[in-house]
Amino acid sequence: MGPLLRRKGRTSRPRRSSRSPHSRSHTTSAVNKLESNKDKPVSIKVGGKSFTTTAGSIASNLLRRDFVADTTEATDANALARTSGPTTFVYGVGLKGGDLIPGNSNLSREVIVTHEGIHGDRGECQLPFHELLGIPPYDKDHQQPYNSAALQLLGLSQ
Ligand SMILES: [Zn+2]
């Protein structure tokens, strides 16, 4: 549990609102895009270690995932979402789409969903990445490579 995973009032249960229809619909559109090109590979490198995965692998990760809208305040105001085991919590900023793709909150949410789908991927789990989730500098260092991989997998960049 690193800084991004900590929340205020840790001893109390996180306040979970009902699943967000936004989150769900953007999960669906991201999964559809990923499945339409499921053999597309992507190589992700963080801190000198890399793994390769495919759009189809990320789609199946997402289909097994529970998405929960988490309106509690993230410790890091820039945090969009976090994944813990089989559950992805999407924070308020993430629900709005953040600014990953300026001016296009729908695509931004798809990138967020796909990024979270990379977490827990078999390739990630085979590397120390998995144990480093939320721990500096990994918590920051993985953001750009994962977002870049998400853009590639969604066909939004080369
Ligand atoms: Zn991440």
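The numbers here are math on the coordinates, done by the rules we state, and not lab data. Note that the structure is predicted; figures quoted are calculated from it, not measured. Quick reminder, even Gly has a Cβ in these numbers, built from the backbone with ideal geometry, and neighbours come from all protein chains shown.
Given the pairs Lys38/Lys140; Lys33/Lys96; Lys38/Lys96, which are separated by over 22 angstrom at their Cα positions?
Lys38/Lys140; Lys38/Lys96
Which FRET efficiency, nearest 0.05, do Ser43 and Asp99 yield, Cβ-Cβ r, R0 35 Å?
Working from the Cβ atoms, E equals 0.85.
Determine, for Ile44, Ile112, the number of other Cβ atoms within 10 Å of each Cβ, and report the residues in order from fewest to most.
So the ranking, lowest neighbour count to highest, is Ile44, Ile112.
For the ranges 93-102, 114-123, 26-35, what's the packing order if you count other beta-carbon atoms within 10 Å of each residue, average per peptide, and put the highest first?
Taking the mean over residues of other Cβ atoms within 10 Å, the ranking is 114-123, 26-35, 93-102.
Taking the number of other C-beta atoms within 10 Å as the exposure measure, put Arg65, Arg82, Arg109, Arg24 in order starting with the fewest.
Fewest-to-most ranking of Arg65, Arg82, Arg109, Arg24: Arg24, Arg65, Arg82, Arg109.
How large is the convex hull of the Cα atoms of the range 48-123 per residue, expressed in Å³ as a whole number?
Hull volume normalised by residue count: 111 Å³.
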